[in-house]
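Take a look at the structure set out below.
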Amino acid sequence: MDLVSIRKSYKRYARHYDATFGRVFATGRERAQETLAPLSGKRILEVGVGTGLSLPDYPDDCEIVGIDVSREMLNVARGRLNGGLPAVSGLCEMDAEQLAFADSSFDAVVAMYVATVVPNPDRLFAEMWRVCRPGGQILVINHFASRQWLLRGFERCLRPLSRAVGFRPDMEFEDFVSVTGQEPAMVAPASLFGYWKQVEFRKPAHA
């Protein structure tokens, strides 16, 4: 995985992403809102905001900043703002592994379906941790390698195509947790049958 191949993949996906993945990822977006609640008054960074499918779900009295590495995906997200989304204060083209925000800038940081897209998940998490304030939440929603042997075999067959499809299909959950260097506060299904998981981390208040 590298930024050039990722940008190429999501440039292709941008026009059709909502129709293809909107309903598929809807439950995960709903679960994220529930886990982040209460949202009122919070400043939240959404890493890999993509086409902004989640943006209309946030209440008006919080502040949302979204970043993504794909200009084409962000253009679709900006189109949603024309309908009026007061909670969204900014959408920026930015590398998730090099966030241009000061330490402790956000009450919560969320990355939905991003951990298997970035070249270096450890750098992604380190940056999310850095910009989250002490006492804040970090939420990752993602697919990890299946425990079901047939699906697991299929995912491994897709591994050589990672650069072409724009994501890593067989990342192990244990490997991801290991590179974060942190213990999850919660791991729960983010979809029917648990094909996607939500993993919540809490940054200590004294950090």
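Just checking, does region 102-118 include any residue being among the small types (Gly, Ala, Ser), assigned to a helix (DSSP H, G or I) and at pLDDT 90 or above?
No, region 102-118 contains no residue that is among the small types (Gly, Ala, Ser), assigned to a helix (DSSP H, G or I) and at pLDDT 90 or above.
Counting just the residues of region 102-115 that are farther than 22 Å from ARG23 by Cβ and not charged (D, E, K, R), which one comes out surrounded by the fewest Cβ atoms within 10 Å (Cβ to Cβ)?
ALA102
Read through the list (1) open to solvent by 20 Å² or more (accessible area, probe 1.4 Å); (2) modelled with pLDDT under 90, then give the number of the only condition that SER40 fails.
So SER40 meets the others, but not (2).
Considering each residue of region 79-101, count those that are open to solvent by 50 Å² or more (accessible area, probe 1.4 Å), at pLDDT 95 or above and charged (D, E, K, R), and give that number.
Matching residues across region 79-101 total 1.
Has region 131-149 got at least one residue that is free of Cβ contacts under 8 Å to residues at least 40 places away in the same chain and more than 26 Å from GLN182 (Cα to Cα)?
yes
Rundown of residues vs (1) part of a helix (DSSP H, G or I); (2) over 17 Å from GLN198 (Cβ atoms), yes/no style:
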residue	(1), (2)
ILE6	yes, yes
VAL24	no, no
GLY41	no, yes
GLY52	no, yes
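May I ask you to list the residues in region 82-113 that are touching a strand residue (DSSP E or B) at 6+ places or on another chain (Cβ under 6 Å) and among the hydrophobic types (A, V, I, L, M, F, W, C)?
ALA87, VAL88, LEU91, CYS92, MET94, ALA96, PHE106, ALA108, VAL109, VAL110, ALA111, MET112
Name every residue in region 182-203 that is outside any strand (DSSP E or B) and at pLDDT below 95, in order of residue number.
Scanning region 182-203 gives ALA190, SER191, LEU192, PHE193, GLY194, TYR195.
Go through region 79-109 and count every residue that is within 25 Å of ALA14 (Cα to Cα) and in contact with a helix residue (DSSP H, G or I) (Cβ under 6 Å, 6 or more places away or on another chain).
9
Exactly one of (1) within 25 Å of LEU3 (Cβ to Cβ); (2) assigned to a helix (DSSP H, G or I) is unmet by LEU81. Its number?
Exception for LEU81: condition (1).
The values are calculated or read from the model by the stated rules, or taken from the named source; none is laboratory data. Computed from a predicted structure; not experimentally measured. Note: ideal-geometry Cβ built from the backbone for every residue, glycine included; neighbour counts use all protein chains shown. Accessible surface areas use protein heavy atoms only, side chains included; no ligands, DNA or RNA. Shrake-Rupley method; radii C 1.70, N 1.55, O 1.52, S 1.80 Å.
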